[in-house]
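Reviewing the structure listed below.
What follows draws every value from the coordinates through simple rules; no lab data is involved. Note that the structure is predicted; figures quoted are calculated from it, not measured. Reconstructed Cβ throughout: ideal geometry from the backbone, glycine too, with neighbour counts over all protein chains shown.
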Amino acid sequence: MEISFRDCRIDLLSRQLWRGNEEVHVEPQVFDLIVLLTRHPKEVLSRDTLIAEIWNGVIVSDATISARISAARAALGDSGQRQEVIRTVPRRGIMFVADLAGGPATPPARRDKGPPAVHYASSADGSAIAWSVSGAGRPLVRIGHWLSHLELDWKGPIWGELIDRLGAENRVIRFDLRGTGLSARDAPLTGIDDFVADLLAVIDAAGEDRVSLYAPSQAGPVAIAFAARYPEKVDRIAILGGYTEGRIHRAARTDTVTEETMLDMIRAGWGRRESAFMSAFSTLFVPDATPEQRDALVEMQLATADPETAVTLRQAIDRFLVTDLLEKVQAPTLVFHAENDAIHPMSQGQKIAAGIAGAEFIRLPGRNHVLLPQEPGFAQMMDRLNPFLRS
């Protein structure tokens with residue numbers, strides 16, 4: 001669906017904004033703000049409404065809100081002096097005052113309709129791998145990671161926003177790792193070859209010949225291994241917080257938790273809110289998570305795997321090693337990494353970018369290994385990711 005006003009045109013499905021004949025690139029939150037205003041023309045939207053709709057209820061500063069409003073005005077050819085499109089109503093909020101050509105905008109329904117149907121692919125060893133598809137457009141596979149669950153991811157406060165954003169422009173294919181989520185719980189958890197075989201099985205089951213890959217964390221080395229083995233099947237690769245050398249292959253660091261300590265904590269505290277493991281997990285993986293997001297991670301742990309499976313999977317992914325495969329990757333690659341990631345240090349992302357010909361490295365601000373939708377790094381990643389996949 002499109003909405004038009006003045007010389008501006010917005011495509012809600014592809015999340016694109018044009019002024020005249022030129023596309024205007026805006027950050028995801030700025031785009032969302034513009035769409036929100038067009039959904040409520042001539043209606044004053046308060047600061048609390050903006051926080052609830054744009055920041056999912058996470059409290060942000062007045063300066064942050066003002067910056068997004070200013071960016072929205074600039075994108076629409078407006079300014080704080082003219083206020084011909086977005087008007088400030090003193091002590092009350094802001095209001096969209098331009099005349100809409102197509103009536104108020106309605107966002108395409110996605111998560112509010114419930115999670116998409118779950119399908120199963122048979123991997124090379126016969127293991128059943130659960131997968132689902134949402135959105136429309138270019139085929140994009142979001143490779144499963146240590147904590148994933150097709151249904152909980154869809155509606156959750158951590159990955160739900162990402163699924164929405166990716167699905168606005170892409171046919172998003174997601175799957176749960178073997179042994180976890182809705183995939184077969186009795187599947188063996190051995191080396192990286194099994195995970196590569198699972199990815200191939202899902203792509204084939206989805207009826208795709210060539211796809212782009214979105215690979216967070218340990219999905220990064222799986223994407224690298226897959227692209228090296230099946231270059232004809234990979235169009236583009238985006239890696240977030242990935243690595244080439246699993247934890248046991250790296251030089252010991254005094255500022256990280258050892259594998260043995262991590263595994264002991266998992267066995268003792270998996271899925272328990274007040275456990276030492278959850279405290280360490282939150283501190284290392286998502287130090288800036290909201291209470292709701294931490295609770296969602298506890299729920300995810302209980303739903304996606306038992307403690308021993310979590311331990312076995314952790315041991316497997318800590319042993320991934322794909323350094324020798326980097327030079328075989330031919331697909332254009334974008335590497336994102338949080339500068340203070342405590343799980344996989346930024347140097348691992350830099351090694352990926354250095355080893356893949358033509359790869360681009362983007363340093364994100366922040367310290368969360370699991371990228372949260374309310375942090376600045378999320379907006380920066382989305383601002384680069386969809387244009388990369390689109391090109």
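Figures for the structure shown
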read-out: Label-to-label distance, nm, for residues given as A354 and V89 (7 Å Cα→Cβ offset); value: 5.6
read-out: Extreme residue, positive dipole direction of region 2-96, given options T49, A72, V26 (C-beta unit charges); value: T49
read-out: Using a Förster distance of 45 Å, the FRET efficiency for A268-D193 (Cβ separation, nearest 0.05); value: 0.90
read-out: Distance in nm between pseudo-label sites at R210 and A128 (7 Å out along the Cβ direction from Cα); value: 3.4
read-out: Residue of G126, G271, G167 that the Gaussian network model of the chain assigns the largest fluctuation, springs spanning Cα pairs under 10 Å; value: G126
read-out: Rounded FRET efficiency, nearest 0.05, which uses the C-beta distance separating S279 from V118 and R0 of 25 Å; value: 0.15
read-out: Distance from region 292-369 to region 1-32 (C-alpha centre basis), Å; value: 33
read-out: Neighbour cut-off at most 13 other Cβ (10 Å), DSSP loop, GluC sites (Glu not before Pro), region 261-309; value: E274
read-out: A101-A52 FRET efficiency (beta carbon distance; Förster radius 45 Å; 0.05 resolution); value: 0.95
read-out: Loop-located chymotrypsin sites (Phe, Trp or Tyr not before Pro) in region 292-378, at most 13 other Cβ atoms within 10 Å (DSSP); value: none
read-out: Relative contact order (%) - region 2-96, alpha-carbon pairs under 8 angstrom, separation at least six; value: 26
read-out: Length released on extending from R82 to E232, taking residue separation times 0.36 nm less the Cα-Cα span; value: 48.8 nm
read-out: Net +/- balance of residues flanking I94 in space, Cβ distance below 11 Å, scoring K and R +1, D and E -1; value: +4
read-out: Proximal aspartates and glutamates to K351, defined as alpha-carbon separation beneath 13 angstrom and excluding residues fewer than eight positions away on the same chain; value: E245, D324, E327, E360
